[in-house]
């Protein structure tokens, strides 16, 4: 956290110096003519790049924020919105009454393996530059209706037969993203 604050202050200061020099508020040419600036800029870029690369891989296991299932009124579907991040919703015996997933540059993992599905339900997905992973119980059929541009929906579920089998109707609108549905 401290390194991000220091880097942020350094970038803001460099931006202010650059703008002030561009607007002729002060002359910063002396700064760029110093021999030590020839060494600081490459080293700073290496450190920033190194931090961005390895900080991401160090926290890969925290890619999804595990969130509680949103509270709903009886009979209403849940609404999940994600912008620039990842969320994971895991059902542990709660009833599932459908969902609306709205994503922009993010990801959602919806784990319904332990959800109670008593009737046919619908999941509406609007994904822009995003990814969705839905894991369904093995006793549920999935029917997909999608409209995709530079992306797609992959349904890897097994089809079941019988009177007690329920169906999840997935309606997806995908722009530059992907949706994976599996058991």
Residue 30 vs (1) part of a strand (DSSP E or B); (2) at pLDDT below 85: all pass except (1)
Could you tell me whether segment 155-164 includes any residue that is in contact with a strand residue (DSSP E or B) (Cβ under 9 Å, 6 or more places away or on another chain) and not in a loop (DSSP other than H, G, I, E, B)?
-> yes
Being buried (at least 20 other Cβ atoms within 10 Å of the Cβ) and assigned to a loop (DSSP other than H, G, I, E, B) is the filter; apply it to segment 82-116 and report the residue that is nearest to the chain's Cα centre (by Cα).
-> 106
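Considering only segment 172-183, I want to know if a residue exists there that is part of a loop (DSSP other than H, G, I, E, B), surrounded by 13 or more Cβ atoms within 10 Å (Cβ to Cβ) and touching a strand residue (DSSP E or B) at 6+ places or on another chain (Cβ under 6 Å). Break it down into steps so the answer makes sense when it comes.
Quick first cut of segment 172-183, residues part of a loop (DSSP other than H, G, I, E, B) only: 176-177, 183.
So of that shortlist, the ones also surrounded by 13 or more Cβ atoms within 10 Å (Cβ to Cβ) come out as 176-177, 183.
If we keep only those that are touching a strand residue (DSSP E or B) at 6+ places or on another chain (Cβ under 6 Å) as well, we get 177.
Yes - at least one qualifying residue is present in segment 172-183.
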Going through segment 118-129 one residue at a time, which ones are buried (at least 18 other Cβ atoms within 10 Å of the Cβ) and under 13 Å from residue 78 (Cβ atoms)?
-> 121, 123, 125
Looking at 136, 132, 144, which one is buried (at least 21 other Cβ atoms within 10 Å of the Cβ), within 14 Å of residue 167 (Cα to Cα) and modelled with pLDDT of 90 or more?
-> 136
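The values are calculated or read from the model by the stated rules, or taken from the named source; none is laboratory data. A quick note: this is a predicted structure, and the numbers were derived from the prediction, not measured. Note that each Cβ is placed from the backbone with ideal geometry, even for glycine, and that neighbours are counted across all protein chains shown.
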